[in-house]
Amino acid sequence: MSNESALNMIESSKSIQPPQSYREKSYVPSVEKYMDAYEKSILHPEQFWNHLADELVWHERKETAISGQMPDFAFFPGSQLNVCENCVDRHAKNAATRNKVALFFEGENHERKAVTYLQLYDEVQKFANVLTSLGLQKGDVVSVYMQNLIETYVVLLACFRTGIIYNTVFAGFSPEALRERIVSSNAKAVICSNGSLRRGKALKLKETVDEALKGVDSVDHVVVYNRLPSLETPMTPGRDLDYDELMAKQRPDFPPVALDANDPGLLIFTSGTSGKPKGIVHAGGGFLLGTYAYTKYQLDIRPEDVYWNTADIGWLTSHIFVLVGGLALGVTTILYEGAIDYPVAGRLYEVIERYRVNKLFSAPTAYRMMMKHGEEVISKYDLSSLELLVSVGEPLNPEAWHWIRRVVGQGKVLINNTWGQTETGGTPLASLPGATPMKPGSCGVPFFGHQLEVVDAKGNPVADGTPGYLVIKNAFPSLARDVYGDRPRYLRSYFSQVPGTYFTGDSAVRDQDGQFWVLGRVDDVINVSGHRISTMEMESSLIQHPAVVEAAVVGQPDEVKGAVPIAFATLEKGYTPSPELEDSLRQQIVRDIGSFARPEKVYFVEAMPKTRSGKIIRRMLREIIRDGQVSGDVTGLEDLDIVDKLVADITKETAG
Ligand code: PRX
């Protein structure tokens, strides 16, 4: 969206107040209460985080809540706790909650399972014994390549229990992408399921792991959970072990290890502006404290809630709002495996109705997909349990906002469009549903203890209503603590633009009411169906192809997916454009990254638009595919005739 149309959207947006009935049961029931508490949390952040820390279980709690400043900061330095103990033990040890269902599993094929907090407690302790029996210890990294399963939660919670750092890799990534993540994180073990179901097909995850591990010698063990027993699963003797067999040998007697609140807890790779993904390191204790706070206040979590977050465990959203934030609050939640519109378009509604879900968390892409399936699909289902619909990951356009409220929410639900990043480990911007008015398209207000600002290139605040860079001015517990093995990259990526301030890489506007509107990335990252993809990473993949000399990738707005990648390539002599070659370039990306990054279209062009210093000007490519011409400044071009040639190349291909 251009800045102009964004500003029109902001100007014409109306505020919708939360209904009284919802306010009454909200932790923050009015905007005045929010403003008052927000101000106090900024003036006295130690007090704010200390109050929250009182709600957690600690082994040792020192007085200091915050020390140092970005980028060298700590929350509760020297204080000791265990994330798993907070998410599981305390609910399992409480007679009122031990038999409460923690996780319902719902397979795409309607397979169902459930575990209570007490059962989860036993399973997690057994798996902690499995991990240590394999010689793994605090500080080691294990890669986890699994879909949403109860067993995946057992594995991750057992890592928290032992101080082993997990790295979840989205089970849609290709063998090459998985290998890169295993190697860059020095993983000693891989834990995977043998397969997962998606749109009725069995994806052979163990085969991907085998392929990824070719030539990798740091991995001693692969633990395989047989999710699909009928799938033939090759096992390498001496290296591969069966999850169930290992669990059968263990007892549930592993006490939680006391860890410093700032010790690394988890690792997750995300796309940055260069070709290589970065391993974002989160502190276990900091992540717990932050995610507990976001989940409690932005989702208003109550003991009676049935809450469903459709995110896959390969993305941080489910760690923030389910695995850690959700379980720390003792929620009952649903883990769904597979596509939410398969085998019937109304599968999502079927699950909501079955479990009487009252809080649904999903992504704009999913909401827009539901919109595409239409209103009729919904009429068969009873969705009256719904109270709150939450979104994260990309802009939630006003059209989708109104549709989900009117159709899915029958005009009565609250909508919370939250903004966050893998790096922020949570959502510094969101509505507090019982307090702040909703504005369709806005990302709400800063969370307690977070100072967000919109600034110009020099770091000076811009006036309300003016677009600028979104920055965060103070440290908060769930902010990433490092890029794994590359501190200079951490400092360069986030703290070099405006010294002492965290740079989000997004542009935003704050409106007159103090609500923030996030407009999009200011760097080379695109968001496809909520999957963050670096265009540089795609370009690096394309130029490995023997036919390609130069490649450029840009995002093209898409009604459902938010954006789709469009690639441009110049060819080596001897190669000529053809549908087969286009397909082969697409396959190159699928192989290196995963099928979700497959370019929608590959244009073969004679030359790229470049600056005099030789940089490809991707903005021009974006303009040509959007408008068929370049409207912005062209004076920086090295070759002024190039635009006409490009327009001719691209329109010719589009027409063809
Ligand atoms: O550009 C912003 C966009 O998604 C990016 C973060 O992607 P990722 O790290 O995959 O997100 C994980 C979420 C915990 C941001 O830099 N983004 C996220 N939420 C929104 C958004 N853009 C607009 N509106 C949002 N609500």
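Coordinate-derived values only; no laboratory data. Computed from a predicted model, the values in this text were never measured in an experiment. FYI the Cβ positions are ideal-geometry reconstructions off the backbone, even for glycines, and counts take in every protein chain you see.
For segment 187-283, the relative contact order works out to 21 percent when only alpha carbon pairs closer than 8 Å and six or more residues apart are counted. Amide H contacts for residue 263 (H built 1.01 Å from N in the peptide plane; partners 5 or more residues away or on another chain; cut-off under 5 Å): 284, 285. Shown in residue order for segment 384-389 are the 3J(HN,Hα) couplings computed by the Karplus curve 6.51 cos²θ - 1.76 cosθ + 1.60 at θ = phi - 60°: 5, 6, 5, 10, 9, 10 Hz (x for Gly and Pro). Distance between the C-alpha centres of segment 95-172 and segment 179-232: 16 Å, rounded to the whole angstrom. Computed from label points 7 Å out along Cα-Cβ, the spacing between residue 100 and residue 590 is 4.5 nm.
With 5 Å bins beginning at zero, the pair-distance distribution over Cα atoms of segment 529-655 amounts to 2, 11, 22, 24, 21, 14, 6, 1 %. Identify, among 494, 438, 555, the residue whose Cα sits farthest towards the positive end of the charge dipole of the chain, taking +1 on the Cβ of Lys and Arg and -1 on the Cβ of Asp and Glu, with the dipole about the Cα centre. In the chain, that residue is 438.
Restricting attention to the chain, close to 60% of DSSP beta bridges with both partner residues there are antiparallel. Basic side chains Lys and Arg get +1 at the Cβ, acidic Asp and Glu get -1 at the Cβ, and with that the dipole of segment 529-655 about its Cα centre reaches some 340 debye. Exposure proxy for 590, 445: other Cβ atoms within 10 Å of each Cβ, ordered fewest to most, give 590, 445.
Each of 20, 479, 169 was scored by the projection of its Cα onto the charge dipole of the chain, and the greatest displacement toward the positive side belongs to 20; charges sit on the C-beta of Lys, Arg, Asp and Glu. Shown here: segment 29-130, whose C-alpha atoms stretch 50, 38, 31 Å along the first, second and third principal axes, sorted largest to smallest. Temperature 4 °C, viscosity 1.567 mPa s: under these conditions the Stokes-Einstein estimate for segment 246-379, based on its Kirkwood radius over C-alpha pairs, is 75 µm² per second. Enclosing the Cα atoms of segment 457-499 in their convex hull gives a volume equal to 91 cubic angstrom per residue. Placing +1 on each Lys and Arg Cβ and -1 on each Asp and Glu Cβ, with no other charges, gives the chain a dipole about its Cα centre of roughly 900 debye. The slack between residue 201 and residue 12, meaning 0.36 nm per residue of separation minus the straight C-alpha distance, is 63.5 nm. Summing Lys and Arg as +1 and Asp and Glu as -1 over all other residues whose Cβ lies under 12 Å from the Cβ of residue 305 gives a net charge of +3.
With each label modelled as a point 7 angstrom along the Cα→C-beta vector, the residue 496-residue 544 pair spans 2.6 nm.
Using the Stokes-Einstein relation with a Kirkwood hydrodynamic radius computed over Cα pairs, the translational diffusion coefficient of the chain at 10 °C and a viscosity of 1.306 mPa s comes to 62 µm²/s. Once R0 is set to 25 Å, what does the formula 1/(1 + (r/R0)^6) return for the Cβ-Cβ distance between residue 112 and residue 380, expressed as a FRET efficiency to the nearest 0.05? Efficiency computed from Cβ-Cβ geometry: 0.75.
Where the alpha-carbon atoms of segment 376-415 are placed on the principal axes, they occupy 29, 20, 16 Å, in descending order.
For a paramagnetic label modelled on residue 47 (point 7 Å from Cα along Cα→Cβ), amide N atoms under 16 Å away are absent within segment 471-504.
Selection among 291, 540, 400 by position relative to the dipole of the chain gives 291 as farthest towards the positive end (Cβ unit charges, Cα centre). Straight-line cross-link reach from residue 296 at under 18 Å between alpha-carbon atoms covers these lysines, not counting any fewer than eight positions away in the same chain: 25, 33, 359.
Couplings 3J(HN,Hα) of segment 171-184, computed from phi: 6, x, 6, 6, x, 5, 5, 5, 4, 4, 6, 5, 5, 5 Hz, in residue order, whole Hz [Karplus 6.51 cos²θ - 1.76 cosθ + 1.60, θ = phi - 60°; x for Gly and Pro]. Summarising the label geometry, the points placed 7 Å from Cα in the beta-carbon direction at residue 90 and residue 641 lie 7.1 nm from one another.
For residue 594, the residues 5 or more places off, or on other chains, whose built amide H falls under 5 Å of its own are 174.
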